[in-house]
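Below is one structure, written out as C-alpha cells; the observations come after it.
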Amino acid sequence: MIFPGTFKSKQPNTDDSIFATMSKLAGQHKAINLSQGFPDFDISDELIGLVNFYMKQGNNQYAPMTGVPELRRAISKKVENDHVAFYDPEKEITITAGATQALFTAITAFVRDNDEVIIFEPAYDSYAPAVRLNGGTIKHARMETPGFTINWQQVTKLVSNNTRMIIINTPHNPTGAVLGKEDLLQLEKLTKNTDIIVLSDEVYEHLIFDGIQHQSVCRYPELAKRSLAVGSFGKTFHATGWKIGYVMAPENLMSEFRKVHQWVVFAVNTPIQMAMAEYLNDEDHYKALPAYYQLKRDLFLDLIRGSKFKVVPSYGTYFQCLDYSDISDENDFAFAKQLTIEHGLASIPLSPFYKDGNSDKILRFCFAKKEETLIKAAEILCKI
C-alpha cells in the first residue's frame, strides 16, 4: 500500500552507511572483511559465564533507567583510578544501549533549531545526521594531514554566539589519531566562559598504543564541567553486538541527558550490566588491552611491510589507515570496491567521513582480527 499523503523526508540524502555497504559487498564476494569494526575472535568465557550466572539469578527484568547501581559504582571507581576524577554514580553516570545511542541522546538533549555544532573531519558518520535531525547546523573543521591533527586557530574562527556544542573523538575513528594534552588545554581555553558543551566520544580509550596516555575530558576539571564523556563496553570487551555503553557528565548536564534517555530506551540489558559490574573489578581485563591490540597492529604492519601501501600512523583504536596513492589514481570508494570484488579484501574508504566527499587516497582496515585473518589479508595487500 502506498501512503496516500505527501511528506518531506527529514534525511532526504541518506543512504546505507559505508559500513553496511562494504560489509554487504564483502559478503557477496566472500571477501575477508576488514571493513566494519568488530573482532572475529571470541570474547571472554568468564564474561559470558557472568552474564549466564546473572540471568539464572533472576536478573532478567527492567533495570533502573539510569543503570544498575553496581555498574555505575564500578564505573565511578574505574574513572577515579584512571583519571583522578570523581563522578557521582547516582547523579552523574548513566548506562546506555551502546555509544551511538549515548551520542544521539546527548545531541538531542542540547541541540536546538539553528544551534551550531563543530565536528572534526574525517568524522564518524553518526554525528552529523543526529545534529541535522535536531535542527542544528554543522560547522566542519578539517583535520590536517598527514597526522590528522586539529588546527585550533581554525576552530576558534568557527566559534560564534550560536555555537552550542563541539564534538571530539579520541582515539579517533577512522584515522587512529590521538588527541594530546595540549589539544585538551586548547579546547578548555576555547570554551572557557562560554555556554558551549563538549561531547567527547572516548569509546576506544583503552585501545591506545606506544605508551601514550588517553587524554579524557575527565582529566581537566574546567573542561569536565561542560563535558559529556561517552564510553563503550562493547568496544572495550570485544562484544559490539551487546550494545552497552555509558555517559559521564556533571549533574546539571546529566539531568538533561536523562530527560531524553528515558524516552529513547528507558533501560538497558540487566544481566549484562550486572556481569560488567563484576568484570570491572579486575583491572587487568581492560588495562591489558593496549598491549594486546598493539601486538595486532604491529603484526599487521610487519606483514604488509613489502607492499606498495604507505602506512598512516595509528596510535589508537583497532583501525589502520593505508595510503594507496602509489598504486592507483582511482578515488577511494572505487578502489575499495575493486579491492573487495577483484582481490577479496574489504576495507572502508575515508571519503564518506567528509562533508564534500573529498579525501586523500586512504583506506581504513580493521585489525581486530585473528592472526590467520590478518595473514591472509596481508598476503592480498602484498600482491597488489
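FYI, it's all coordinate maths here, none of it is from the lab. In this text the structure is predicted, and so the values were computed from the model without any measurement. Counting neighbours? That spans all protein chains shown, and the Cβs are built from the backbone with ideal geometry, glycine included.
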If a/c stays under 1.5 just call it rounded; otherwise compare a/b with b/c (prolate if a/b is bigger, oblate if not). Do that for region 257-384, with a ≥ b ≥ c from the square roots of the Cα gyration tensor eigenvalues.
oblate
Quick one: length gained pulling residue 354 to residue 56 fully straight, 0.36 nm per residue minus the C-alpha distance?
102.6 nm
Going by average Cβ neighbours within 10 Å, how do the peptides 113-122, 339-348, 227-236 rank, with the highest at the top?
227-236, 339-348, 113-122
Can you compute the FRET efficiency between residue 342 and residue 375 using 1/(1 + (r/R0)^6), with r the Cβ-Cβ distance and R0 = 22 Å? Round to the nearest 0.05.
0.65
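What per residue convex hull volume, in Å³, comes out for region 61-282 when only alpha-carbon positions are used? Show your work: numbers first, answer last.
Numbers: hull volume 25.5 nm³, N = 222.
Taking the convex hull of the Cα positions in region 61-282, it is 115 Å³ per residue.
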Which net charge results when you count Lys and Arg as +1 and Asp and Glu as -1 among the other residues whose beta-carbon is under 14 Å from that of residue 163?
+3
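Summing Lys, Arg as +1 and Asp, Glu as -1, what charge do residues with Cβ under 11 Å from the Cβ of residue 213 carry, residue 213 excluded?
Values: positive: 181, 219; negative: 82, 205, 210.
Local net charge: -1.
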First measure r as the distance between the Cβ atoms of residue 183 and residue 308, then evaluate 1/(1 + (r/R0)^6) with R0 = 30 Å and state the FRET efficiency to the nearest 0.05.
0.35
Can you compute the modelled spin-label distance between residue 295 and residue 140, with each label point 7 Å from Cα toward Cβ, in nm?
4.0
With labels modelled as points extended 7 Å from the Cα through the Cβ direction, what inter-label distance (nm, one decimal) is found for residue 19 paired with residue 156?
3.6
Any residue on another chain or 5+ positions along whose placed amide H is under 5 Å from the amide H of residue 96 is listed here as 245, 246, 247
Pop out the ³J(HN,Hα) list for region 228-243 in order, Karplus 6.51 cos²θ - 1.76 cosθ + 1.60 with θ = phi - 60°, rounded to Hz; leave Gly and Pro as x.
10, 9, 10, x, 9, 6, x, 5, 5, 10, 6, 10, 5, x, 7, 6
Spacing of the two label points (7 Å from each Cα toward its C-beta) at residue 113 and residue 193, in nm:
3.2
Which trypsin sites (Lys or Arg not before Pro) does region 19-125 hold that lie in a coil by DSSP with at most 15 other beta carbons within 10 Å?
30, 112
Phi-based couplings in Hz for region 212-222 (Karplus 6.51, -1.76, 1.60; Gly and Pro marked x)
6, 8, 5, 9, 6, 4, 4, 7, 10, x, 5
Amide H contacts under 5 Å for residue 169, placed H, 5+ residues apart:
201
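Have a look at the DSSP beta bridges in the chain and tell me what percent are antiparallel, nearest 5. It would help to have the intermediate numbers written out before the result.
On the way: 20 of 41 bridges.
For the chain, the DSSP antiparallel bridge percentage is about 50.
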Using a Cα-Cα cut-off of under 20 Å, which lysines could be cross-linked to residue 192, ignoring same-chain neighbours fewer than 8 residues away?
139, 157, 181, 225
